[in-house]
1. So which of GLU72, GLU32, GLU64 is away from the ligand (no atom under 14 Å from the Cβ) and not basic (Lys, Arg)?
2. Please find, within the stretch 85-114, the residue that is surrounded by the fewest Cβ atoms within 10 Å (Cβ to Cβ) out of those that are near the ligand (Cβ under 10 Å from one of its atoms) and part of a strand (DSSP E or B).
3. Being within 15 Å of the ligand (Cβ to nearest atom) and part of a loop (DSSP other than H, G, I, E, B) is the requirement here; does PHE122 meet it?
4. Checking ILE46 against (1) away from the ligand (no atom under 12 Å from the Cβ); (2) within 19 Å of GLY110 (Cα to Cα), which single condition isn't satisfied?
5. Quick test of your reading of the structure: TRP78 fulfils all but one of (1) within 16 Å of the ligand (Cβ to nearest atom); (2) in contact (Cβ under 8 Å) with a residue 12 or more places away in the chain; (3) assigned to a loop (DSSP other than H, G, I, E, B). Name the failing condition by number.
Amino acid sequence: MMEPPSLIEPPSDDFFMREALRQARKAAKQGEVPIGAVIVHDGRVIARAWNQVETLKDATAHAEMLALTQAESAMEDWRLTECDLYVTKEPCPMCAGALVHCRVRRVIFGCADPKGGGAGGFWNLLQAPNLNHRCEITPGVLADESVALLKAFFAEARQRRAEGQAHAKGLKPGAEDGMVFDGP
Ligand SMILES: [Zn+2]
């Protein structure tokens, strides 16, 4: 007979990544590059956010940055030393820098970004020996789902452009250029 799952078993990385993927889908619905993030403290989600660069007209409004601000507010502290961040795509250098500043404990991401990733894909700012904090990294969690979302988004963007709707929100010509994702 199969053992029933333990009630005290902590939620897995997959569990929280699914919540980050839900955030990414919200981004896609708003014409934003579909990337989502959540921050977990003590087994509880304390921040959730999706990429809002186009909506807020702010190139720093990446999912991770928005989630960090929420988490700092929830913790009433900028030190997030017991917090873990889940994000659907490898953090860029800006976000990786912010994660180190906030002293996040673990960073768990979906697909890697070999062209511009700041968590080992291109640079590894999360574990730079000269910085005063290093994050643990768990790559590749539900990466296929994350890649599928990004691919579908950019395929649709290309199609709309081809159909002459290039000025639709978030789908401006060259919108892809601002995003370094060049995954499989
Ligand atoms: Zn970023």
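1. Working: GLU32 fails: away from the ligand (no atom under 14 Å from the Cβ); GLU64 fails: away from the ligand (no atom under 14 Å from the Cβ).
Just one listed residue meets the conditions, GLU72.
2. Just the residues of the stretch 85-114 that are near the ligand (Cβ under 10 Å from one of its atoms), to begin with: 87, 89-99, 113.
From what is left, the residues that are part of a strand (DSSP E or B) are 87, 89.
On the way: VAL87: 30, LYS89: 34.
Step by step, filter the stretch 85-114, then rank; the result is VAL87.
3. Details: within 15 Å of the ligand (Cβ to nearest atom): yes; part of a loop (DSSP other than H, G, I, E, B): yes.
Taking the combined requirement at face value, the residue satisfies it.
4. (2)
5. Failed condition: (1).
Here's the yes/no breakdown for (1) touching an Asp or Glu at 6+ places or on another chain (Cβ under 6 Å); (2) in a helix (DSSP H, G or I); (3) buried (at least 24 other Cβ atoms within 10 Å of the Cβ); (4) in contact (Cβ under 8 Å) with a residue 24 or more places away in the chain:
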site: VAL38; (1), (2), (3), (4): yes, no, yes, yes
site: THR55; (1), (2), (3), (4): no, yes, no, yes
site: THR60; (1), (2), (3), (4): no, no, no, yes
site: ALA67; (1), (2), (3), (4): no, yes, yes, yes
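Read-outs throughout are calculated quantities, based only on the coordinates presented, and are distinct from any laboratory measurement. All of these numbers come straight from a predicted model, not from anything done at the bench. Here Cβ is always computed from backbone atoms with ideal geometry, including for glycine, and neighbour counts include all displayed protein chains.
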